[in-house]
Amino acid sequence: MVVTVQIDAQHRLGLYGSADRHLKTLRELLGVTLIARDDQLKISGEPAAVEHCVATLHQMRRLLKEHRSLNQEHIASAIRLAAPDTHMQHPALLDVTVSGRAIEPRTAGQRHYVNAMLAHDLVFCAGPAGTGKTFLAVALAVSMLRQNKVRRLVLVRPAVEAGEKLGFLPGDIQAKVNPYLRPLLDALHDMMPYEQIRRFMANDMIELAPLAYMRGRTLNESIVLLDEAQNTTPAQMLMFLTRLGEGSKMVVTGDPTQVDLEPGQVSGLVDAHRKLSGVKGVAFIELGRADIVRHRLVQNIVQAYNRDADIPARRSATAAAKSDAVPTTQVPPPPEPE
């Protein structure tokens, strides 16, 4: 099978890479033959491989709009996204836009996450900052609310400060909890007009609440999102999960590397993963650095901090190995004859 793709001059260097290294990567990984001449790229090979390559080039074009240049991780991500088995199973259900652009998963991990939310009533998603954990969950929730698949959207966060003690905040209870819930409101404002949000909140269709307010409730026909779940205790997590009612979905997101609990406290997110893994109907999704879709520097920042965090661990392992070593017995020399 042979397919010819038009490549305009302004995208040619970004798609081909310096010295055509991106084309070499595609040849090696996809098993296709690529011949570039002027504004045309000729792709030949097995039909499935050629179709995969064409789809990969489409994903590379999309990535090039967000990044000044593409690296090998971008190419690998584009190949994964273009694979036939990673296409989203229910693309029509995520019909939410931001600034006129449809919200959709950008990486294979994000596609897996969205599919899990559509297929399961309880989903846990863990990953570093910038992977879209909260944003995609809010987008799906807004979509389901607009399609009348649920009656209410409930956004929840634990009121835990990130390493600072702010003391008593002024104002009524709404003013006190607003700083903790602000990230969820920001995501909502990206997807819905302010007046619509205010109207939905007045009609109790959208609710933002601290985790402590969930006790004693049963949430039916709702989609409930718990953000920053790494800052819950196991008891709080159990309390939250047992709020799930008929016709409802729950999505729990967090980053286990950013726990702000008091020293010695176990994270409810980590504890839930240990206790609920293998339970039917519960999905666990882990996103990684390749799924970060914020500013291009965020991925580098996360990688740098993770690399620094690994150094003490390696030192501890080395020290432990030395302490476990069998000590050498010193034999005293024989006494000299008198």
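Values in this text are rule-based calculations from the coordinates and carry no lab data. All of these numbers come straight from a predicted model, not from anything done at the bench. Counting neighbours? That spans all protein chains shown, and the Cβs are built from the backbone with ideal geometry, glycine included.
Just want to confirm a number: the relative contact order over segment 2-85, from Cα pairs under 8 angstrom separated by 6+ residues, in percent.
Here the relative contact order equals 31 percent.
Name the residue farthest towards the positive end of the dipole of segment 89-297 from the options Gly100, Gly127, Leu238, assuming +1 on Cβ of Lys and Arg, -1 on Cβ of Asp and Glu, about the Cα centre.
The residue sitting farthest along the positive end of the dipole is Gly100.
Is the shape of segment 2-85 best called rounded, prolate or oblate, per the rule: a/c under 1.5 gives rounded, else a/b larger than b/c gives prolate, else oblate, with a ≥ b ≥ c the square roots of the Cα gyration tensor eigenvalues?
Cα axes put segment 2-85 in the oblate bin.
Classify segment 89-297: rounded, prolate or oblate, from the alpha-carbon gyration tensor (a ≥ b ≥ c, eigenvalue square roots; a/c under 1.5 rounded; otherwise prolate if a/b is larger than b/c)?
Taking the square roots of the gyration eigenvalues as a ≥ b ≥ c, segment 89-297 is rounded.
On a full-extension model of 0.36 nm per residue, what is the gain between Val266 and Arg68, subtracting their alpha-carbon distance, rounded to one decimal in nm?
Length gained between Val266 and Arg68: 67.2 nm.
With +1 assigned to the C-beta of every Lys and Arg and -1 to the C-beta of every Asp and Glu, and no other charges, what is the dipole magnitude of segment 89-297 about the Cα centre in debye, to the nearest 20?
340 debye
Could you please report the charge total around Val282, scoring K, R as +1 and D, E as -1 over all other residues with beta-carbon less than 11 angstrom from its beta-carbon?
Around Val282, the surrounding residues sum to +1.
Can you classify segment 98-161 as rounded, prolate or oblate using the Cα gyration tensor, where a ≥ b ≥ c are the square roots of its eigenvalues, rounded means a/c under 1.5, and otherwise it's prolate if a/b beats b/c and oblate if not?
The shape class here is rounded.
Normalising by the residue count of segment 89-297, find the relative contact order in percent from Cα pairs under 8 Å and 6+ residues apart.
This gives 33 percent for segment 89-297.
Please give the net charge around Asp227, taking every other residue with its beta carbon less than 10 angstrom from that of Asp227, where Lys and Arg add +1 and Asp and Glu add -1.
Local net charge: +1.
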